[in-house]
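Working notes for the structure below.
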Amino acid sequence: MNSKNFYDSIGGSYEEVIQRLGNDSLIERFVKMFPSDESYINLCKAMEDKNWKEVFAASHTLKGICANLSFKNLYEAASALTEDVRNGSPSPSVEEYFNKVCAEYKTVMDALKSEGVA
């Protein structure tokens, strides 16, 4: 896996993650764990059920993971959704925020697949 190319392809920040984790081996180890995280699956289920408390929890968890991995575009999308449902009453834009999370998640997963990770 070429970490720099992977981060460029997903709109992530290789510079931030290398500062945080220190080397490509550690980056690769944590990035490879990302597909097994269930936050996105939980988020999709919660959105389907319109369970805003669970939408908040799942999007907040996904946001944190993306912050730690410097998946900037997915982080920003998850952050917007998290803030929208924080008070338990989503705005009319909640579907738009969710669709952005879905699109950015797909970008990350497609990039992982192309790297032979997912």
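Only sites in a loop by DSSP and with at most 13 other Cβ atoms within 10 Å count here; which GluC sites (Glu not before Pro) in segment 17-118 make the cut? Before the final figure, lay out the partial values.
Numbers: sites: GLU28, GLU38, GLU48, GLU54, GLU76, GLU83, GLU95, GLU96, GLU104, GLU115; in loops: GLU38, GLU115.
Passing both the DSSP loop test and the Cβ count: GLU38.
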Could you give the nm distance between label points at ASP110 and GLU38, where each point is 7 Å from its Cα heading toward the beta carbon? 2.8
For the chain: relative contact order, % (alpha-carbon pairs under 8 angstrom, 6 or more apart): 28
Determine the equivalent ellipsoid of the chain by diagonalising the alpha-carbon gyration tensor, then write out the semi-axes as square roots of 5 times the eigenvalues, largest first, rounded to whole Å. 26, 13, 12
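Calculated from DSSP H runs of 4 or more alone, at -39500 (n - 2.57) each and per residue, what is the 222 nm mean residue ellipticity of the chain, nearest 500? Don't skip to the answer; put the middle values down first.
Working: 7 runs with 90 residues, N = 118.
Calculated from helices alone, the mean residue ellipticity at 222 nm is -24000 deg cm²/dmol.
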Please list, by residue number, every one of the trypsin sites (Lys or Arg not before Pro) in segment 1-101 that is coil in DSSP and has at most 12 other beta-carbon atoms within 10 Å. LYS50
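Estimate the FRET efficiency between LYS50 and GLN19 by the formula 1/(1 + (r/R0)^6), using the beta-carbon distance for r and 41 Å for R0, to the nearest 0.05.
On the way: r = 39 Å, r/R0 = 0.95.
For R0 = 41 Å, the calculated efficiency reads 0.55.
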Report the full-extension gain for the segment ALA103 to MET1: residue separation times 0.36 nm, less the Cα-Cα distance, to one decimal in nm. 34.5 nm
In the chain, taking the dipole from +1 charges on Lys and Arg beta carbons and -1 charges on Asp and Glu beta carbons about the Cα centre, the listed residue (SER25, PRO35, VAL101) farthest towards the positive end is SER25
So for R0 = 30 Å, FRET eff. of ARG86-PHE30 from the Cβ-Cβ r, to 0.05, ends up at 0.65
Cross-link pairs LYS4/LYS32; LYS32/LYS100; LYS53/LYS106; LYS45/LYS72; LYS53/LYS113 - those with Cα-Cα distance over 26 Å: LYS53/LYS113
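Readers should treat all values here as calculations from the given coordinates under stated rules, not as data from a laboratory. As the structure is a prediction and not an experimental result, all values here were calculated from the model. Methodologically, a virtual Cβ is constructed for each residue, glycine included, from the backbone with ideal geometry; neighbour enumeration extends over all protein chains shown.
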